[in-house]
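Participant: This is the structure I have questions about; it appears just below.
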Amino acid sequence: MAGPRNISVSEASRPVLPRHAKLKYDETRKVWVILAPERVLAPDEIAVEVLQLCNGQRSVGDVSDQLAAKYAAPREAILADVIVMLQDLADKGFLTEIREKTP
Amino acid sequence: MSDVLPIIPPDTSDSLAVLEKSRSTAETFGIPLAVLLEITHRCPLQCPYCSNPVELDRSGKELTTDEWKKVLSELAEIGVLQVHFSGGEPTARKDLVELVKHASDVGLYTNLITSAVLLTRERLGELADAGLCHVQISFQGVEEGLADRVAGYKNGHRKKLEVAKWTRELDLPLTVNAVMHRQNLHQLPDIIQMSVDLDADRLEVANVQYYGWALRNRAALMPTVAQLDECTRLVEEARDRLKGTLAIDYVVPDYYALRPKKCMGGWGRQFFNISPAGKVLPCHAAESITGLDFLSVRSNHSIAWIWQNSDAFNRYRGTGWMKEPCKSCEFREIDFGGCRCQAFALTGDAANTDPACALSPLHETIFKQAEREAEGETNRFLYRNFAGGTLESENGA
């Protein structure tokens, strides 16, 4: 089955794009897009970078660490922005997450 | 039909902006992001509001497998990102898996718009393996009595529920498409719950749009104003309650609006579809407008050329074709005068203002007529078929 819905994104979440949301570079329009049912979203540069790091293994905290190091920026500010962006995507139904299996 | 996709790069103030059209009429028209492929008009269902033209393409006229593959390659090449395989019933074509595979191979995002009744679990699995990204299944109601009567197809509803379940078992995302009208609007709360129970990602609550078959069945389908208000209230309540669980798209019937809909995002601005016989059309109902010559992918023109240059696409593009009251209207670039097919069907001239607009001289008459029909007792359907329609018998069979 597909990953869970109704996600609340936190530092510990391990998000990933679901099968029906595909991140792709549009060669014709020279812009990154997320292809989803009946929608084409245009993520900005930072969103693209975040989504490329979200592989279902890395946590939101890990992703923020990497971006903080790369841009020599305050981690807490980045973390807050990343959570807002991912939550927006989750509320639109275009994000899932990997959870530990409960026995 | 579902909502139209916007085309042009975004207002970047939002980190996840929906790609929106924001260009002036003076610019050229970029290739649409998504294209609807009506690969056949054959369909086992006979829904009285079918969006196909009343004059259906027979199977002998359909593009061949190789012709569709060539179309798919060409679409990917010119910048189309998504294709919707639709019909008629697209699974009626034996080569559907091959076409989906080809579309995936050339990088297109693929969506299947289906009635589901012809699918087996095995074939759905083959479609998933071929790279299908999304499945949209139409439902005519929430229980088989009404649903099968609307579709004119016995045991269809039961089969749809089964296929919806397989869809989720195969980890394919699911949209429930519910076409709403007077005779099933009372089931909307249960349809919303059914969508949640089926683990759908998305629900389209699409009120019937009255062209073609639906126009012929208007007296049996038109909702009352009170029904529509209740429908809007239910959708808004459910959207709020189900945020993050079920996305709901909502299409209202335009007869009861004061402003017409920006049909297709404006003629030839952000949408085209390809008919079973290969005609490139500004909308799936466009062939109902007589006097327009729609070019085919079988002509010696490319799809991009047809989109940019053909007379049929340019005829109602922009605002130059408009007459009053559209011509001097402050909303002329907001709604582009509404729907050309509806203007043609109700006034005889596609260049007239869509009577859905309160500024149309015909608006009041048509609104009153719709209201009368909604309160009327005519519930029998004219079923859609290749023979020009069959009237439902008195006892509803």
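Participant: Rounded to the nearest Å, what's the spacing between the alpha carbon centres of region B:192-265 and region B:272-338? Just the number, please.
Facilitator: After rounding, the separation between the Cα centres reads 26 Å.
Participant: Using a Gaussian network for chain B with springs between C-alpha atoms less than 10 Å apart, which of these wobbles most: B:N111, B:N155, B:N300?
Facilitator: B:N300
Participant: Right, something else. What is the fewest-to-most order of A:I46, B:I274 by other Cβ atoms lying within 10 Å of their Cβ?
Facilitator: Ordered from fewest to most neighbouring Cβ atoms within 10 Å, A:I46, B:I274 come out as A:I46, B:I274.
Participant: Roughly how many Å is it from the Cα centre of region B:49-100 to that of region A:25-103, as a whole number?
Facilitator: Taking the Cα centre of region A:25-103 as reference, the centre of region B:49-100 is 34 Å away.
Participant: Any idea what the dipole of region B:257-304 comes to, in debye rounded to 20, about its Cα centre with Lys/Arg Cβ at +1 and Asp/Glu Cβ at -1?
Facilitator: 260 debye
Participant: About its Cα centre, what dipole magnitude does region A:48-103 give when the only charges are +1 on Lys and Arg Cβ and -1 on Asp and Glu Cβ, stated in debye to the nearest 20?
Facilitator: In debye, rounded to 20, region A:48-103 gives about 160.
Participant: With n ≥ 4 as the cut-off for DSSP H runs, can you work out [θ] at 222 nm for chain B, using -39500 (n - 2.57) per run divided by the number of residues, rounded to the nearest 500?
Facilitator: Helix-only estimate at 222 nm: -9000 deg cm²/dmol.
Participant: Filter the cross-link list B:K61/B:K165; A:K22/B:K69; A:K22/B:K154; A:K30/B:K279 down to pairs whose alpha-carbon distance in this structure exceeds 26 Å.
Facilitator: Violating the 26 Å Cα-Cα cut-off are B:K61/B:K165; A:K22/B:K154; A:K30/B:K279.
Participant: Also, quick follow-up: What does the average come to when, for each residue of peptide A:38-51, you count the partner chain Cβ atoms lying within 10 Å of its Cβ?
Facilitator: Mean inter-chain Cβ contacts per residue within 10 Å come to 6.
Participant: On to the next question. Among B:A387, B:A350, B:A374, determine the one that fluctuates most according to a GNM of chain B built with springs between C-alpha atoms less than 10 Å apart.
Facilitator: Highest fluctuation among the options: B:A387.
Participant: Rank the residues A:F94, B:F367 as a footprinting-exposure proxy: fewest other Cβ atoms within 10 Å of their Cβ go first.
Facilitator: Listed from fewest to most nearby Cβ atoms, that is B:F367, A:F94.
Participant: Another question, then. Given Cα pairs under 8 Å that are at least 6 residues apart, what percent is the relative contact order of region B:49-205?
Facilitator: 18 percent
Participant: Taking the dipole about the Cα centre of chain A, with the C-beta of Lys and Arg at +1 and of Asp and Glu at -1, give me whichever of A:L17, A:A72, A:L51 is farthest to the positive side.
Facilitator: A:L17
Participant: Also: Taking a cut-off of 21 Å between Cα atoms, list the lysines near B:K327, but don't count ones fewer than 8 places away on the same chain.
Facilitator: B:K261, B:K262
Participant: Compute the FRET efficiency between B:R158 and B:E237 as 1/(1 + (r/R0)^6), taking r as their Cβ-Cβ distance and R0 = 25 Å, and round to the nearest 0.05.
Facilitator: Result of the calculation: an efficiency of 0.30.
Participant: Considering the options B:G87, B:V54, B:A247, tell which one lies farthest towards the positive end of the dipole of chain B, charges being +1 on Lys and Arg and -1 on Asp and Glu at the Cβ, about the Cα centre.
Facilitator: With unit charges placed on the Cβ atoms, the residue in question is B:V54.
Participant: Could you tell me whether region B:252-309 comes out rounded, prolate or oblate from its Cα gyration tensor? Rule is a ≥ b ≥ c as square roots of the eigenvalues, rounded for a/c under 1.5, then prolate if a/b exceeds b/c, otherwise oblate.
Facilitator: prolate
Participant: Tally Lys/Arg at +1 and Asp/Glu at -1 over every other residue whose Cβ is under 15 Å from the Cβ of B:L391; what's the total?
Facilitator: Combined, the nearby Lys, Arg, Asp and Glu give +3.
Participant: Give, rounded to the nearest 20 debye, the magnitude of the charge dipole that chain A has about its Cα centre when Lys and Arg contribute +1 at Cβ and Asp and Glu contribute -1 at Cβ.
Facilitator: 420 debye
Participant: Right, next: Using alpha-carbon pairs under 8 Å, 6+ residues apart, how would you state the relative contact order of region A:15-93 in percent?
Facilitator: Worked out over region A:15-93, it gives 22 percent.
Participant: Give me the inter-chain shielding for B:72-84: mean count of other chain Cβ atoms within 10 Å, whole number please.
Facilitator: Going residue by residue through B:72-84 and averaging, the value is 2.
Participant: In percent, what relative contact order does region B:348-394 have, based on Cα pairs under 8 Å that are 6 or more apart in sequence?
Facilitator: Relative contact order, region B:348-394: 18 percent.
Participant: Quick check: net charge around B:L382, other residues with Cβ under 11 Å of its Cβ, Lys/Arg +1 and Asp/Glu -1?
Facilitator: +3
Participant: Work out the charge dipole of region B:271-360 with +1 on the Cβ of Lys and Arg and -1 on the Cβ of Asp and Glu about the Cα centre, then indicate which of B:N352, B:Y316, B:A277 is farthest towards its positive end.
Facilitator: Result: B:A277, furthest along the dipole toward the positive end.
Participant: So between B:T120 and B:T245, what do we pick up on full extension, going 0.36 nm a residue minus the alpha carbon distance?
Facilitator: That works out to 42.3 nm of additional length.
Participant: Further question on the same structure: Just to check, using Stokes-Einstein with a Kirkwood Rh over alpha carbon pairs, what's the diffusion coefficient of chain B at 10 °C and 1.306 mPa s in µm²/s?
Facilitator: For the chosen part, D equals 73 µm²/s.
Participant: Follow-up question, since we're still on this one. How far apart, in nanometres, would the label points at B:E169 and B:D197 be if each is projected 7 angstrom from Cα along the Cα-to-Cβ direction?
Facilitator: A separation of 1.8 nm, rounded to one decimal place.
Participant: Jot down the per residue volume, in cubic angstrom and as a whole number, of the convex hull over the alpha-carbon atoms of region B:32-256.
Facilitator: 123 Å³
Participant: Please work out whether region A:1-74 counts as rounded, prolate or oblate from its C-alpha gyration tensor, where a ≥ b ≥ c are the square roots of the eigenvalues and a/c under 1.5 means rounded, while otherwise a/b larger than b/c means prolate and anything else oblate?
Facilitator: Oblate, since a/c reaches 1.5 and b/c is not below a/b.
Participant: Taking the Cβ of B:L292 as the centre, find all other residues whose Cβ is under 15 Å away and add up their charges (Lys, Arg: +1; Asp, Glu: -1).
Facilitator: Here the count lands on -1.
Participant: Quick one: longest stretch of chain B between exposed loop trypsin sites (Lys or Arg not before Pro), exposed meaning at most 15 other C-beta atoms within 10 Å and loop per DSSP?
Facilitator: That would be B:155-242.
Participant: Okay, next question. For region A:3-42, what is the per residue volume of the convex hull drawn over the alpha-carbon atoms, in cubic angstrom?
Facilitator: Taking only Cα atoms, region A:3-42 has a hull volume of 97 Å³ per residue.
Since every read-out is calculated from the coordinates, none of them should be taken as a lab result. Quick caveat, the model's predicted, so the values are computed rather than measured. Cβ sites come from the backbone with ideal geometry, for glycine too, and all protein chains shown count toward neighbours.
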